[in-house]
Each structure stands twice: as structure tokens, then as C-alpha cells.
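For reference, the structure discussed in these notes is given below.
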Amino acid sequence: MDRFEPNLRIPGPTALPPSVREAGARQMINHRGPEFAAMLERILTGMKPFFGTTSDVAMLSCAGSGGLEAAVVNTLSPGDRVLGVSIGSFGDRFAKIAGVYGADVTKIDVEWGQAADPTVVREALLANPGYKAVLLTHNETSTGVKNPIPVLAEAVRDVEPDTLLLVDSVSGLGAVPFEMDAWGVDLVVTGSQKAWMAAPGLAMIAASPRTWEAMASATMPRFYLDLRAHRDAAVNGQTPFTPAIAVVYQVDEGLRLMNAEGAASIFARHEACAAASRAGLQALGFELFADERFASRTVTAVKLPEGHDWKTFNGAIKRHGVVLAGGQGKLSGKIFRLGHLGSVTVEEVIGVIAVLETVALEQGRRVTPGAAVGAAFAAAADALGLGQGAGTSGAGVPA
Ligand SMILES: *Cc1c(COP(=O)(O)O)cnc(C)c1O
């Protein structure tokens, strides 16, 4: 199948729309000139509605994990007590970064596949008052779970109004609603290669006014990651150091496409793609890894049945040109993941399900050709409110 490019369906980096790819190929410009300044302004302002904030956003050239590191070193001091609420491998990473820089980290390790329980978070805060920060993952890419941030934030705010709430939304923001100001979240990190339809290389970080203030007294060491330097430079349309200009072009173009589509339609599209993925995979006989009440809208994880070797199975999928993700860390060989974020349509998800049906038939498994494809399409149509059964699921799921 090498006539076609691989159909990249992993939860980041995501496939790029043609105009975004072309944007990345443009000639370099002076990053101290007016053209760059205008572009930076468009990005920092254009992202605010997706963060749900009126506060300042900073853009750093680094991986999403660099953004998490910036979240930690700018807000904390060595010895600060931090509650790391982990629901998977990225939650573990966030907590680990805090520990590396000398924070006194207490972890809540939620069973993988589950979301964090607001009652458990509340009790942890009551049992041990005085945490400086709580670390949360919005969308845990390793398990396909979306945490209910509004209720978790409410639990934190109720018990500890002064504790900073830092959220990793690297794989959620831009694809699902987020209301940082309204929910009382203090800092949110996202990354260019997930919902923003651009190459890896940029992390965007929004912080609440009191978080920007807290950076003055936080004493963890920082130089490149000093968010205040990035904010100060942005006032003059610049970055403190040379930015990843090609990726900046791409994020600018990606945002232009997103604004043309409109946030409501982007969110509905992701919800429909997620519904199609879940229904199609289940119709093929796979069991969802995530508790369905908290299923992610950007990545779906399913269990590999006993005796299903991931390498062999994945080899067969790849021969049809589809690239899926295996499990991370302790889930390696136990699950696989279908990414549906950024530039993705229901039709593309259905195409992946069709390939999985083909592989199942090739392997002599008992499936009815078209059944999973039909189930995927029906679920998407339902989520989008099309045709029979409109509105019976999906559309009413709270953020
Ligand atoms: C992808 C991802 C990250 C890390 O991004 P990198 O760019 O690989 O460092 C962090 N958190 C979540 C939830 C992610 O999905």
C-alpha cells in the first residue's frame, strides 16, 4: 500500500491539513520583525477562547513536557507540598517533574482507565491542609480517559481556595470545551502537535492573574522556561529566544482553519469521531479500556484480547496503511489506541474501522463485513443529531 501516505491515527503527532504543511515550508522570517509580531499576537489572542481565559498566554518552543516543566518551575519552590493526581502515564510524568525539582509530592494513583474522584481529592486535601499546588491531567492520553475538571476544580476550590490548580491539557485543549477562568483553574498547558493540527515543537501555557503573581516568589531554578520572560517579550511581539518559526507558521494556519470551522463545530466533530471510534471498536469485539462515563473525546483505548499479539496485529494494520498507537508503559501489549484529534473526520475514523474489519476477516475472526463500520457511522450520526435516534446520546455529555 505504499501508493498512499500512512493514515496516521495516533494521539499525537496528528496528521496535518495540506495548508498547514505548506505553511511549515515557508521561507524563514526575522523573528524580531513586524510579520512575526503579528503572527504571535494572532496566536496568543486566538488561543484564549479555547483556554477559556482572558488572562495571558505564553508560547514556548518545546515539547508538551517542556510546558509541564514550565508549569512546575514557575509556580513552585523546593519543599512545597504538591498533590499529584495521576490517572495514567502523563499524570505520573507531571508529578515526577515536580519531584525532580524538589517539590514534596504526594500522589493519588487512580486505577488506570478510571477518572479521578472529586471525593477522594477533597479528602486528601482535608487530611493534609496546605498543599501549594494540585496537579491534574485533563485528558489522559495513555488510558483514553477525560477527567471531569469542573467538579475536580470545585472540590479543590472548596477545600483550599489558595492552592494552585495546574492542569495538563496537552491532548485535550482545542478539541473539547475548556473554561479555565470559570472553573477556577490556575494554569493550563497544551501542545502544538495534538488538537492544533501542527507539527510538534510549541507548548502554549495560560496562567491566571494570581499564578502570574505567584511566579515572582517561586524559587525553583529556571532560565529558558521562565514564563515571565516569555510574557514580557510577547508585549513587544517577540519571544525571548529564537522560536520554532516553521511550527509557529503552522499553528497560525491551524488556528485560522479552526476559527473558520468554529469552536462548537470542532467540539461536535471530536465528539462524533469519539462516538464512532467507541462503537466501531466495540462492534469488532474490543472492550473499551476507559470507564465509558469518562471516555476521552480525542483518543480511544481498547483492550487487546487474550492471545492477540500486538506486534502481529499491528503489522497487519500497518500493511493497510493505518498507523495506530500501542499501549504506554505498563499497558504495552495490553491495549491499543486510536487517536481522533486535530485534523480528523468521521469518515476517516470509519475508514480505520473498515481496515480493522478487513484485518479481522483476514485473520479468520467471525465478523460481519460492514457491521462495525455501520455501528461507527450510526454512533457518529447519533452524536451529530442526524437521522433516526437523534439526540439520544453524545450531545448531552457535559464538559
Ligand atoms: C502528548 C502529551 C504530553 C507530552 O507531550 P510531548 O510533546 O510528547 O512532551 C503530555 N501530556 C499529555 C496528556 C499528552 O497527551
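The values are calculated or read from the model by the stated rules, or taken from the named source; none is laboratory data. All values derive from a computational prediction rather than experimental measurement. Glycine gets a Cβ as well: all are built from the backbone with ideal geometry, and neighbour counts include every protein chain shown.
Return the total of residues in segment 129-176 being touching a helix residue (DSSP H, G or I) at 6+ places or on another chain (Cβ under 7 Å) and of a type in the set (Lys, Arg).
Of the residues in that region, 1 qualify.
Return the total of residues in segment 145-161 being farther than 27 Å from Phe289 by Cβ and either of a type outside the set (Asp, Glu) or within 16 Å of the ligand (Cβ to nearest atom) (or both).
3
Pairs needed: first member in segment 191-207, under 16 Å from Ala175 (Cα atoms) and hydroxyl-bearing (Ser, Thr, Tyr); second member anywhere, assigned to a loop (DSSP other than H, G, I, E, B) and modelled with pLDDT of 95 or more; C-beta distance under 6 Å; at least 6 residues apart or different chains.
Final answer for the pair search is Ser192/Ala198; Ser192/Gly201.
For segment 128-144, state whether one or more residues are under 30 Å from Val247 (Cα atoms), in contact (Cβ under 8 Å) with a residue 24 or more places away in the chain and either surrounded by fewer than 23 Cβ atoms within 10 Å (Cβ to Cβ) or more than 12 Å from the ligand (Cβ to nearest atom) (or both).
Pass one, segment 128-144, residues under 30 Å from Val247 (Cα atoms): 135-144.
Okay, now just the ones that are also in contact (Cβ under 8 Å) with a residue 24 or more places away in the chain, so 135-144.
Filter again for either surrounded by fewer than 23 Cβ atoms within 10 Å (Cβ to Cβ) or more than 12 Å from the ligand (Cβ to nearest atom) (or both), leaving none.
No; the residues of segment 128-144 include none that is under 30 Å from Val247 (Cα atoms), in contact (Cβ under 8 Å) with a residue 24 or more places away in the chain and either surrounded by fewer than 23 Cβ atoms within 10 Å (Cβ to Cβ) or more than 12 Å from the ligand (Cβ to nearest atom) (or both).
If we keep just the residues of segment 211-223 that are in contact (Cβ under 8 Å) with a residue 40 or more places away in the chain and more than 24 Å from Gly174 (Cβ to Cβ), which is farthest from the ligand (Cβ to nearest atom)?
Going residue by residue through segment 211-223, those that are in contact (Cβ under 8 Å) with a residue 40 or more places away in the chain are 211-212, 214-215, 217-222.
Now drop any that are not more than 24 Å from Gly174 (Cβ to Cβ), which leaves 214-215, 217-222.
Numbers: Ala214: 22, Met215: 21, Ser217: 27, Ala218: 21, Thr219: 25, Met220: 19, Pro221: 20, Arg222: 17 Å.
By that ranking, first place goes to Ser217.
When you scan segment 85-93, do you find a residue that is closer than 18 Å to Arg228 by Cβ and modelled with pLDDT of 95 or more, even just one? I'd like the intermediate steps shown before the answer.
Keep residues of segment 85-93 that are closer than 18 Å to Arg228 by Cβ, which gives none.
The answer is no, given that none of the residues of segment 85-93 is closer than 18 Å to Arg228 by Cβ and modelled with pLDDT of 95 or more.
Looking at (1) within 12 Å of the ligand (Cβ to nearest atom); (2) outside any loop (DSSP other than H, G, I, E, B); (3) within 26 Å of Ala115 (Cβ to Cβ); (4) in contact (Cβ under 8 Å) with a residue 40 or more places away in the chain, which one does Gly12 not meet, given that it meets all the others?
It fails just one condition, (2).
Which count do you get for residues in segment 225-248 that are surrounded by 15 or more Cβ atoms within 10 Å (Cβ to Cβ), under 22 Å from Ala199 (Cβ atoms) and not aliphatic (A, V, I, L, M)?
5
Which of the residues belonging to segment 13-39 are closer than 26 Å to Arg337 by Cβ and of a type in the set (Val, Ile, Thr)?
Quick first cut of segment 13-39, residues closer than 26 Å to Arg337 by Cβ only: 13-18, 20-21, 24.
Answer for segment 13-39, where residues must be closer than 26 Å to Arg337 by Cβ and of a type in the set (Val, Ile, Thr): Thr14, Val20.
Condition (residue is outside any helix (DSSP H, G or I) and of a type in the set (S, T, N, Q)) applied to segment 272-283: is it met by at least one residue?
Start the filter on segment 272-283 by keeping residues that are outside any helix (DSSP H, G or I), which leaves none.
No, segment 272-283 contains no residue that is outside any helix (DSSP H, G or I) and of a type in the set (S, T, N, Q).
Where residues in segment 365-385 are farther than 15 Å from Val349 by Cβ and either polar (S, T, N, Q) or in a helix (DSSP H, G or I) (or both), which of them is farthest from the chain's Cα centre (by Cα)?
Residue satisfying both the conditions and the ranking: Thr368.
Got a number for residues in segment 228-271 being out of contact with any strand residue (DSSP E or B) (no Cβ under 8 Å at 6 or more places or on another chain) and not in a helix (DSSP H, G or I)?
5
Kindly list, by first and then second residue, each pair from a residue in segment 54-65 that is buried (at least 17 other Cβ atoms within 10 Å of the Cβ) to a residue that is among the charged types (D, E, K, R) and assigned to a strand (DSSP E or B), limited to pairs with Cβ atoms under 9 Å and residues at least 6 apart or on different chains.
Close Cβ pairs satisfying both conditions: Gly64/Asp168.
What's the number of the only condition in (1) farther than 15 Å from Ala244 by Cα; (2) within 16 Å of the ligand (Cβ to nearest atom); (3) surrounded by fewer than 19 Cβ atoms within 10 Å (Cβ to Cβ) that Phe51 fails to meet?
Here Phe51 meets the rest and fails (3).
I need a count of the residues in segment 271-292 that are surrounded by 24 or more Cβ atoms within 10 Å (Cβ to Cβ) and closer than 18 Å to Ala195 by Cβ.
Number satisfying all stated conditions: 6.
State the number of residues belonging to segment 289-336 that are out of contact with any helix residue (DSSP H, G or I) (no Cβ under 9 Å at 6 or more places or on another chain), not aliphatic (A, V, I, L, M) and not in a loop (DSSP other than H, G, I, E, B).
9
Condition test on Val73, is it within 16 Å of the ligand (Cβ to nearest atom), more than 22 Å from Ala175 (Cβ to Cβ) and among the β-branched types (Val, Ile, Thr)? Reasoning before the result, please.
Details: within 16 Å of the ligand (Cβ to nearest atom): yes; more than 22 Å from Ala175 (Cβ to Cβ): yes; among the β-branched types (Val, Ile, Thr): yes.
In short, yes.
Any residue that is within 15 Å of the ligand (Cβ to nearest atom), buried (at least 23 other Cβ atoms within 10 Å of the Cβ) and more than 30 Å from Ser332 (Cβ to Cβ) - is there at least one of those in segment 162-169? Quick ask: steps written out before the conclusion?
Filtering segment 162-169 down to residues within 15 Å of the ligand (Cβ to nearest atom) leaves 166-169.
Among the residues that remain, those that are also buried (at least 23 other Cβ atoms within 10 Å of the Cβ) are: 166-169.
Imposing the further condition that a residue be more than 30 Å from Ser332 (Cβ to Cβ) reduces the set to none.
No, the conditions are met nowhere in segment 162-169.
Please work out which one of (1) within 16 Å of the ligand (Cβ to nearest atom); (2) surrounded by fewer than 21 Cβ atoms within 10 Å (Cβ to Cβ) is the condition Gly102 fails and give its number.
(1)
For Asn7, work out the one condition from (1) at pLDDT 95 or above; (2) at negative phi; (3) under 23 Å from the mean Cα position of the chain (by Cα) it doesn't fulfil.
Only one criterion is unmet by Asn7, namely (1).
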